[in-house]
1. With +1 on the Cβ of every Lys and Arg and -1 on the Cβ of every Asp and Glu, and nothing else charged, how large is the dipole of the chain about its Cα centre, in debye rounded to the nearest 20?
2. Mind checking the full-extension length gain between residue 234 and residue 147? Use 0.36 nm per residue of separation minus the Cα-Cα distance, one decimal, nm.
3. Of all DSSP beta bridges located in the chain, what percent are antiparallel, nearest 5?
4. Compare the peptides 87-97, 22-32 by average per-residue count of other Cβ atoms within 10 angstrom and give them in order, highest first.
5. Per DSSP H run of n ≥ 4, the term is -39500 (n - 2.57); total these for the chain, divide by its residue number, and report the mean residue ellipticity at 222 nm rounded to 500 deg cm²/dmol.
6. Once label points are set 7 Å from the Cα along Cα→Cβ at both residue 222 and residue 188, what is their separation, rounded to one decimal in nm?
7. Farthest toward the dipole's positive end in segment 45-127, which of 118, 54, 106, given Cβ charges of +1 (Lys, Arg) and -1 (Asp, Glu) about the Cα centre?
8. At residue 33 and residue 207, where each label point lies 7 Å from the Cα along Cα→Cβ, what is the point-to-point distance in nanometres?
Amino acid sequence: MTAASGRLWVLLPAYNEAENLPPLLEGLSATLAAWPDGAPPCRVVVVDDGSSDGTAAAARSVAGLDVVVLVHDPNQGLGAAMRTGITHVLTHGADDDLLVALDADNTHPTELMPGMVARARAGADIVIASRFQPGAEIHGLDAQRKAISEIASWILRIMFPGARDYTCGYRCYRVALLRWGAEHYGPAFLNQRGFSIMVDILLKLRRQASRIEEVPLILRYDRKLGASKMKVMQTAVTTLRLLGRRFVGNPYGP
Ligand SMILES: Nc1nc2c(ncn2[C@@H]2O[C@H](COP(=O)(O)OP(=O)(O)OP(=O)(O)O)[C@@H](O)[C@H]2O)c(=O)[nH]1
Ligand SMILES: [Mg+2]
């Protein structure tokens with residue numbers, strides 16, 4: 001793929017992120033404007049997952065960006081939002097396009113995108129913004145959440161070698177690889193409704209992805225406005241149950 005070819009799709013699953021989306025989208029505009037050697041054509045896909053705070057309007061509030069808003073009503077969970085967004089990109093995108101997904105709460109700096117895209121263009125199938133690479137920084141996350149992430153990372157690394165950060169949603173994927181996933185697994189590809197989808201996408205794609213690379217994440221939790229909506233215990237239990245099922249070898253199961 002040459003620097004000029006291929007669209008960049010930016011996927012933002014968003015549940016009550018009206019406060020966080022405008023600064024994030026302004027950051028994205030600035031990142032595109034400063035992109036080394038010129039930005040690729042970029043379309044932003046915001047999946048408003050049944051928000052009640054004006055998230056959809058906030059997604060359209062920043063001028064100069066090509067934004068599509070897809071609305072779930074009612075709320076269906078992060079996994080369902082990712083499925084809607086990825087399905088949209090597979091329908092409208094080309095195989096040499098890239099998809100960068102990130103949280104819509106303005107904790108994932110858009111400045112990392114050019115480096116992630118450059119790695120994908122140099123041959124990586126998936127590029128993960130990782131909290132567990134030298135140079136990663138975590139700003140503003142409490143000690144308990146940090147410890148849970150660290151334990152999850154070690155469990156996953158031991159069970160499934162190949163990546164260090166299986167749970168961070170900030171990733172760049174080749175659209176061709178996502179298409180392989182949709183064709184190979186059928187409706188089971190994106191069948192996790194909640195946060196466990198992040199682990200599951202990697203577990204399913206790593207069979208086909210020969211190069212999974214990681215760049216150090218700068219996590220700006222200090223920039224997030226509003227309280228955390230993630231249910232830590234529920235996510236941990238669902239993810240552990242999923243790992244058990246995947247570990248005994250049923251990648252197609254629910
Ligand atoms: N919590 C939650 N987030 C959702 C849902 N649907 C989509 N999202 C989005 O999924 C992304 C990740 O959710 P976050 O709540 O930031 O999850 P997290 O980063 O693990 O945890 P916190 O930042 O502490 O809340 C965000 O962009 C959310 O807006 C949902 O049903 N619940
Ligand atoms: Mg977050």
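Taken together, the values in this text are just the output of simple stated rules run on the coordinates, not laboratory data. Keep in mind the model is a prediction, meaning the values are calculated, not measured. Note: ideal-geometry Cβ built from the backbone for every residue, glycine included; neighbour counts use all protein chains shown.
1. So the dipole magnitude of the chain works out to roughly 900 debye.
2. Length gained, residue 234 through residue 147: 29.7 nm.
3. In the chain, DSSP labels about 20 percent of beta bridges as antiparallel.
4. 22-32, 87-97
5. Here the helix-only value at 222 nm equals -11500 deg cm²/dmol.
6. Calculated label separation equals 4.5 nm.
7. 118
8. Result: 4.6 nm between the two label points.
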